[in-house]
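Quick one: this structure, given as structure tokens, is what I'll be asking you about.
The values are calculated or read from the model by the stated rules, or taken from the named source; none is laboratory data. It should be emphasised that the depicted structure is a prediction, and the values quoted were computed from it without experimental measurement. Here the Cβ is made from the backbone with ideal geometry for all residues, glycine too, and neighbour counts use every protein chain on show. Side chains included, ligands, DNA and RNA excluded: accessible areas come from the protein's heavy atoms. Shrake-Rupley method; radii C 1.70, N 1.55, O 1.52, S 1.80 Å.
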Amino acid sequence: MKKKKKGKKLNLLVCAIAFVVMIVYLVFVDSIDNVAAALTRINKGALVICVLFMVGYWLCEAATVHVMLRSMYPKMKFWNSWLITIIGQYFNCITPSASGGQPMQAYYLVKFGVPLGCGLTALLSRFIVYQFVLTMYSVFTLVVGFNNFGGDLTQKGLMPFVIVGFVINTAVIIFLLCIALFRQATLRAANGIISLLARMHIVKHPMKWRLYFTREVNKFYNNFRYLRKNVPLLLKAVLFTFIQMTLYLSISYVLYRGFGMGEASLLQIISYQAYVLMISSFIPLPGAMGGAELGYHGFFKDIFTEQYVNISMMLWRIMTFYLPIIVGLVFTLTMKSRGIDEPTEDQAKKTMFDMQTAIEKETNNIQ
């Protein structure tokens, strides 16, 4: 327990330090007078809208999880789906590569009485839908927006980063589709790669990796079977996720309009924000710290101009990163009043393992 608390406190401390560094950088680069002038100029209604967009973002994710859970566990309450969402957002923000969200969500789902297999299916289905919508969003913005601002990205030297982020996200989708359509071929290919890496002395304990990979492939395959059998639910989840992502990507446009500017289009700003999200999502730090800020500055410095780009970056990070931490921390602490203590990392991982085992047993019984 002490180790878990130390790890959590360290992550929160890192986030707090990053916030202080961002403020110091802002004041050092722009000076206190310029920062104060920018904050005075921005329309306060725009800040309220940004907060409402984040609330809408959380509600859409909660709705996605809820429609999945209700189809398998009709007793699920929307309030509990909301709590699961906020808790997941909180732990995603404070853990490297957003790795802590799903295990914590799994633990609390069990505490809410959700059967093990149902919880895992809902969480993984939501991940699959989110990854699919993010990639499709990126494809749309890249294809539609390229004629309008592709030259600008090339001139700034940003196009290679966009392409790399797009390729990685597309590879994830292709890999998931291979699992869905060609499970056995995917496993054979993966085992062949593991054997090759073992012969090259790059991978140690190849059997361990084969077992792990087989388990992961079967886990996602079972979820694809569920989604194929529940197309109406899948379409609802895609719709909610599309709205969720649109709200998130539009926050920078609200800030842009809040500063009284209007030359850049909504499409351009949403596209640039999608590229920032796509690129920074693979940085293995809590909240992609450093990478998210650099990416934002690189894409938006000409849109917001040097006068407002740093202050807009700070406001964007407060809305999309620090606000979820604050709200999530409050909700996590209030769970104790319901008699549900925060789990250790090992407890959360064990719950995920139990969920996976339960759904595998269910699948074997069906077969």
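So which residues in the stretch 194-211 are assigned to a helix (DSSP H, G or I) and open to solvent by less than 100 Å² (accessible area, probe 1.4 Å)?
Matches in the stretch 194-211: ILE194, SER195, LEU196, LEU197, ALA198, PRO206, ARG210.
Working carefully through the options ILE326, ILE340, find the one that is surrounded by fewer than 18 Cβ atoms within 10 Å (Cβ to Cβ), outside any helix (DSSP H, G or I) and modelled with pLDDT of 75 or more.
On inspection, the qualifying residue turns out to be ILE340.
Among the residues of the stretch 157-171, how many are open to solvent by less than 80 Å² (accessible area, probe 1.4 Å) and in contact with a helix residue (DSSP H, G or I) (Cβ under 7 Å, 6 or more places away or on another chain)?
7
Looking at the stretch 243-267, which of the residues that are in a helix (DSSP H, G or I) and under 15 Å from GLY45 (Cβ atoms) is most open to solvent (accessible area, probe 1.4 Å)?
Out of the qualifying residues, it is ARG257.
Does the stretch 78-91 include one or more residues that are in a loop (DSSP other than H, G, I, E, B), in contact (Cβ under 8 Å) with a residue 24 or more places away in the chain and not small (Gly, Ala, Ser)?
no
Can you find a residue that is more than 28 Å from ALA122 (Cβ to Cβ) and surrounded by 15 or more Cβ atoms within 10 Å (Cβ to Cβ) anywhere in the stretch 213-226?
Looking for residues that are more than 28 Å from ALA122 (Cβ to Cβ) and surrounded by 15 or more Cβ atoms within 10 Å (Cβ to Cβ), one finds none in the stretch 213-226, hence no.
Further question: Take ILE173 and tell me if it is free of Cβ contacts under 8 Å to residues at least 60 places away in the same chain, assigned to a helix (DSSP H, G or I) and within 26 Å of the chain's Cα centre (by Cα).
yes
Continuing with this model, one more query. Could you list, in sequence order, all residues of the stretch 101-116 that are over 16 Å from TYR57 (Cβ atoms) and open to solvent by less than 10 Å² (accessible area, probe 1.4 Å)?
Of everything in the stretch 101-116, those that are over 16 Å from TYR57 (Cβ atoms) and open to solvent by less than 10 Å² (accessible area, probe 1.4 Å) turn out to be ALA106, TYR108, LEU109, VAL114.
Scanning the stretch 100-140 for residues that are in contact with a Gly (Cβ under 8 Å, 6 or more places away or on another chain) and not small (Gly, Ala, Ser), which turns out nearest to LEU177 (Cα to Cα)?
GLN102
Does LYS236 satisfy the criteria of being part of a helix (DSSP H, G or I), open to solvent by 40 Å² or more (accessible area, probe 1.4 Å), farther than 25 Å from GLY56 by Cα and modelled with pLDDT of 80 or more? Walk me through it before giving the result.
Working: part of a helix (DSSP H, G or I): yes; open to solvent by 40 Å² or more (accessible area, probe 1.4 Å): yes; farther than 25 Å from GLY56 by Cα: no; modelled with pLDDT of 80 or more: yes.
Criteria not met by LYS236.
Same structure again: Counting just the residues of the stretch 148-166 that are in a helix (DSSP H, G or I) and hydrophobic (A, V, I, L, M, F, W, C), which one comes out modelled with the lowest pLDDT?
Across the stretch 148-166, the extreme among qualifying residues is PHE149.
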